[in-house]
Structures are given as C-alpha cells and as structure tokens.
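Structure, as structure tokens:
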C-alpha cells in the first residue's frame with residue numbers, strides 16, 4: 001500500500017524530502033554552472049578560431065614585408081651604383097623597385113588594418129597575438145577542468161537521486177508529485193539566489209530558463225509527469241463518481 005505524504009508531513013519523511021528537494025536544487029545549480037562553463041568555452045574556442053589564423057597571416061605579412069624591403073633596398077643600392085649608360089638595366093630596376101614599393105604599401109596597409117582589428121599598437125608585433133592566445137588557451141584549460149568537476153558532481157547527484165527514489169518507491173506518486181510541486185517554486189528561487197550570488201552581473205536569466213528544462217529532463221520529470229497527471233485525473237474521476245453515488249444514496253434514503 002502506498003504511503004500518503006502531504007506537504008506538512010514531507011519534512012518528517014527524510015527520503016521523500018531528499019527526493020522532493022535536493023535533486024531539483026543541486027541538479028539545477030549544476031546544470032546552470034555547466035551551461036555557463038560551456039558558454040565560456042564556446043566563446044574562447046570561437047576567438048581562438050579567429051586569432052590563430054590571423055597570427056599566421058600576420059607572421060606571413062611581416063615576412064613578406066621584410067623580404068620585399070630587403071630586395072628593394074638591394075635594388076635601390078644597385079641602381080644608385082649602376083653606371084648611367086646601362087639604360088636597359090636602369091629601366092628594369094626602376095620597374096621592379098616600383099612594383100616592390102606598391103607591394104610594400106599594400107602589405108603594410110593590410111598589416112596595419114589587422115593590428116587595428118585586434119586593437120593592437122602599430123609596433124605590437126606577433127608577441128601580442130601569442131600572449132592573448134596563451135591567455136585564452138589557459139582559460140580554456142581551466143574551464144575544461146571545471147566542466148569535468150561539475151559533470152562528476154552532477155552524475156553523483158543523479159546517482160544519489162536514483163538511490164533515494166528507490167527508497168521512496170512505497171510512497172504515493174501522486175502525493176509526492178503534489179508535494180514537490182508545492183515547494184518547487186521555493187526550491188528554484190533558492191537555487192537562483194545562490195547562482196546570482198555566485199555569478200553577480202554575469203547571471204543570465206535565459207540560461208537559467210534552459211537550465212531548468214535540462215534539470216527536469218535529467219530528473220525524468222518530463223517522463224514521469226504525464227503518468228502522474230493521468231493518475232491524478234483518474235483519482236479525481238473516481239472521487240467524483242463516489243460523490244455522485246453517495247448523493248444518490250442519500251437522496252434515496254430521503255425519499
């Protein structure tokens with residue numbers, strides 16, 4: 001026979017209290033933390049996907065500028081020392097020097113725009129890219145460690161929930177559902193307050209909305225709720241039938 005458990009009695013049934021309160025609180029907190037971490041990871045990964053190719057492009061630009069500057073300097077020196085009667089060579093050197101001058105202007109312009117894109121100074125150099133990339137990679141590594149930690153904590157909470165759920169198998173599922181729903185708002189508010197206290201201005205209400213959905217899914221509430229609701233409807237229907245029968249019986253006695 002299933003044990004009746006009202007909201008008032010809930011705290012006296014410790015396994016049921018655990019089943020009703022702690023899973024929602026802990027799983028919701030862990031879901032939010034993991035969502036926040038994965039959002040941070042995604043942001044860093046997208047940034048690295050931009051920074052790394054641009055570092056390669058910047059390095060290539062610098063190398064091209066150095067090579068063409070060296071070639072131009074050599075050709076200018078040669079032209080300066082070349083006797084005037086070597087007309088054909090003078091013309092060839094002039095053409096090549098002009099080409100190199102134009103190429104260098106374009107390369108330096110692209111290099112300048114690239115530095116401006118990342119708000120680096122003109123003389124920042126590749127080291128500025130490498131420094132920021134190193135910071136992002138360190139941040140990514142830290143977030144990956146946190147993700148592993150909280151994923152393990154979430155798995156542990158779900159395992160404990162499964163154990164407590166088995167202990168509470170004798171309790172009436174409908175009454176337990178009512179008890180959980182009655183205190184759910186308070187539980188979620190407590191979880192939100194904790195998360196707001198931890199994340200401050202970085203708290204994201206939209207992320208919290210998705211975290212609540214994820215928590216419900218992990219706790220199998222989406223699967224359990226329809227049968228429980230159906231059971232509640234059947235129970236209400238049965239009560240209505242009994243009340244009608246009772247009323248008919250009373251009317252019969254009165255007659």
Report summary line: Counting only helices (runs of 4 or more DSSP H) wholly inside region 143-255, the ones holding at least 2 residues that are closer than 22 Å to residue 33 by Cβ and at pLDDT below 80 are 173-199, 221-254
Report summary line: Those residues of region 107-120 that are surrounded by fewer than 12 Cβ atoms within 10 Å (Cβ to Cβ) and part of a helix (DSSP H, G or I) come to a total of 4
Query raised in the report: Right, residue 67: within 30 Å of residue 23 (Cβ to Cβ), part of a helix (DSSP H, G or I), out of contact with any helix residue (DSSP H, G or I) (no Cβ under 9 Å at 6 or more places or on another chain) and modelled with pLDDT of 95 or more or not?
Result: no
Query - Residue pairs meeting the criteria (Cβ under 6 Å; at least 6 apart or on separate chains; first under 25 Å from residue 75 (Cα atoms), in region 101-126; second surrounded by 13 or more Cβ atoms within 10 Å (Cβ to Cβ) and at pLDDT 95 or above) - result: 103/68; 104/68; 107/61; 107/64; 107/65; 111/61
Report summary line: Exception for residue 123 within (1) under 28 Å from residue 47 (Cβ atoms); (2) under 37 Å from the mean Cα position of the chain (by Cα); (3) in a helix (DSSP H, G or I) falls at (3)
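The values are calculated or read from the model by the stated rules, or taken from the named source; none is laboratory data. Note that the coordinates shown come from a computational prediction; the quantities given were computed from them, not determined experimentally. Counting neighbours? That spans all protein chains shown, and the Cβs are built from the backbone with ideal geometry, glycine included.
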